[in-house]
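Structure first, then comments.
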Amino acid sequence: MMTDEIILRVEDIHKRYGENEVLKGVSFDVQRGETKVFIGPSGTGKSTLLRCINQLTVPDSGYIWLNGEEVTHAGPRINQYRQKIGMVFQNFNLFDHLTALGNVEIALLRVKKMNRQEARKKALMELEQVGLSDKVNSYPAELSGGQAQRLSIARALAMDPEVILFDEPTSSLDPELTREVLEVMRRLARNGMTMLIVTHEMGFALSVANEILFMEHGLIVEKGPPSEIPTSQNFTRTRQFLGSFQD
Amino acid sequence: MTMLNFDFELLLPVLYQGALVTFGLILVSAPFGFLNGILIAVGRVYGNRFISTLCHGYVLFFKGCPLLLLLFIIYFGLPSIGITFTAFTSAVIGFILCNGAYNSEYLRGGIQSIPSGQMTAALSLGMSRNQAIRNVILPQALRRSLPGLSNEFIYLIKYSSLAYMITVVEITGAGKTFATKYFAFFEIFILIGLFYLGLVTIAGYVIGRVEKRIAIPGFGRK
Ligand SMILES: Nc1ncnc2c1ncn2[C@@H]1O[C@H](COP(=O)(O)OP(=O)(O)OP(=O)(O)O)[C@@H](O)[C@H]1O
Ligand SMILES: [Mg+2]
């Protein structure tokens, strides 16, 4: 599914909070249809990096390009770019006052300015995609964690994003629910969605990722295809990290 | 109890007229006081430093200023710098300014109780900050603030009687004039007290209905 077309370019991103330099110059290219998985110890800036990509956090320097257009310094046009960069959060961040349908519809109505019927039709389709057709009228509080996360994926998908950022989408789910969310993500990957994923689910990462990027202290220190992890020189530090993970 | 020393048939139209004015004061002040509260609260939480400070100052000022004094300033004071309002308008302005200040405090609490992830998620879908505030933050914040807002509405019903002090003949004023004339303070003030009690009871009932109507499973009960 991967093509040679570079859809997202991240160029030398720096970010500091006071004395704490969180990102120290991160660069990578993302090709259309690619799945990149970011791993690394806690506090190394993985979340910050994802948030810099859609400018929820504004980097101190560096550039983000989406389809050749600069997202950094976009001014008010940032809202248009954000539509194309979906985001899925560890704690879902569903809109608690809206039903499942409402959660998916709201941005279609207010951002994409679809009419009621169009928005409804599209939202129902997205809910079906993630297996929530029977929960259309349920509120977030009435959903299991797995259902809630699938709903938030549907909400992101409804905007027809070019790329989706996942920040530890299964970290607050138990193994059973994790599986149902990963299943949805796996299908997205197969269908050619471009995805950047921060996760600790190594099994999933190894089987789905086109590239694994190991981050530490605000830098990408090792990267390559997952098949190289067990043996390659490129992944010495990663193996060490994963080893300590298993103990 | 002595026999009534006034004619009920004379009293009723007087109280009726007064009641209409009281209704007028409340029905005009409440919605604008509500809107005022939203603007001030949003300005305080989401405004830039200047707007936020301005809104904070507004709240401090109008919470600190006795309402009666505020009404005096608007009705008796402002004409001396060339700004003149009718008594009714002066009262309504005073009520809106004061009601808005208190409403904004409840709304601010409501807004700040909404987890920051709600705004983040809204922005990530391409909503502007304004869209996020209107479509995501306020609908939730309003629900959380409803108990406080209801209280303020009940207060408004009761302090609308202060309008009498700047010559608005609402029900308390109308009753007072009548009572003075016939020297029947006890009966008439009890009657007016019952009127307010009825009004507050109805308001409480309506608010309860609204609260039920907009209730959302699992929301605000966490
Ligand atoms: N808004 C903020 N203000 C100040 N410091 C922050 C802020 N956000 C993140 N940081 C700091 O930046 C560093 C990187 O945080 P980040 O959340 O990006 O790490 P992470 O790799 O996602 O970690 P985890 O695996 O625990 O999620 C941390 O030291 C964190 O304390
Ligand atoms: Mg993180």
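The values are calculated or read from the model by the stated rules, or taken from the named source; none is laboratory data. From a predicted model like this one, the values you see are computed outputs, not experimental measurements. Cβ sites come from the backbone with ideal geometry, for glycine too, and all protein chains shown count toward neighbours. The accessibility values were calculated without ligands, DNA or RNA, using every heavy atom of the protein model including side chains. Shrake-Rupley method; radii C 1.70, N 1.55, O 1.52, S 1.80 Å.
Only the Cβ atoms of Lys and Arg (+1) and of Asp and Glu (-1) were treated as charged; on that basis the dipole of chain B about its Cα centre amounts to roughly 1100 debye. Averaging 1/r over each pair of different alpha-carbon atoms in the protein assembly as shown and inverting the result gives 26.1 Å, the Kirkwood hydrodynamic radius. Considering only A:Asn91, A:Asn115, A:Asn54, the mean-square fluctuation computed in a Gaussian network model of chain A, springs between alpha carbons under 10 angstrom, is largest for A:Asn115.
Mind checking the per residue accessible area of the stretch A:135-247 for me, 1.4 Å probe, whole number of Å²? Numbers along the way, then the final one.
On the way: 4700 Å² over 113 residues.
So the stretch A:135-247 comes to 42 Å² accessible per residue, rounded to a whole number.
Across A:Gln80, A:Gln90, A:Gln31, mean-square fluctuation computed from a Gaussian network of chain A (C-alpha pairs under 10 Å connected) peaks at A:Gln80. When shorter helices are ignored and each DSSP H run of at least 4 residues is given -39500 (n - 2.57), the per-residue value for chain A at 222 nm works out to -10500 deg cm²/dmol.
What the Cβ-Cβ distance of A:Leu219 and B:Phe50 gives, at R0 = 56 Å and to the nearest 0.05, is a FRET efficiency of 0.90. Evaluate the Debye formula for the stretch A:196-247 with equal point scatterers sitting on the alpha carbons, no solvent, and hand back log10 of I(q)/I(0) at q = 0.28 Å⁻¹, in q order, two decimals. Debye curve over Cα of the stretch A:196-247, log10 I(q)/I(0) at q = 0.28 Å⁻¹: -1.36. Each semi-axis of the equivalent ellipsoid for chain A is √(5λ) with λ an eigenvalue of the Cα gyration tensor; in descending order they amount to 29, 22, 16 Å. Rg/Rh for the stretch A:153-240 (Cα atoms only, Rh after Kirkwood) is 0.98.
Relative intensity of the stretch B:116-222 on a log10 scale, I(q)/I(0) at q = 0.17, 0.19, 0.21 Å⁻¹, equals -0.87, -0.97, -1.08, per a Debye sum over C-alpha point scatterers of equal strength in the absence of solvent. If you build the convex hull over the alpha carbons only and average its shadow over all orientations, what do you get for the stretch A:67-209? Give it in nm² to one decimal. For the stretch A:67-209, averaging the hull's shadow over all directions gives 9.0 nm².
Can you pull out the GluC sites (Glu not before Pro) in the stretch A:1-92 that DSSP calls coil and that have at most 15 other Cβ atoms within 10 Å? Walk me through the intermediate numbers first.
Working: sites: A:Glu5, A:Glu11, A:Glu19, A:Glu21, A:Glu34, A:Glu69, A:Glu70; in loops: A:Glu5, A:Glu19, A:Glu34.
Sites meeting the loop and neighbour criteria: A:Glu5, A:Glu19.
Taking 22 Å as the straight-line reach from the Cα of A:Lys46, the lysines in range (excluding those fewer than 8 positions away in the same chain) are A:Lys15, A:Lys24, A:Lys36, A:Lys84, A:Lys223.
With Cα atoms defining each centre, the stretch B:6-42 and the stretch B:52-101 are spaced 17 Å apart in the structure. Summing Cβ point charges (Lys, Arg +1; Asp, Glu -1) relative to the Cα centre of the protein assembly as shown gives a dipole of roughly 880 debye. Under a Gaussian network description of chain B, with springs only between Cα atoms under 10 Å, the residue in B:Ala184, B:Ala141, B:Ala101 that fluctuates furthest is B:Ala184. Mean residue ellipticity at 222 nm, helices only, chain B: -25000 deg cm²/dmol; runs of at least 4 DSSP H residues each add -39,500 (n - 2.57), and the sum is divided by the number of residues.
If you model the stretch B:167-222 as an ellipsoid using its alpha carbon gyration tensor, with each semi-axis the square root of five times an eigenvalue, the axes come out at 39, 10, 7 Å, biggest first. Of the Cα atoms belonging to the stretch B:11-214, the radius of gyration and Dmax stand at 19.6, 69 Å.
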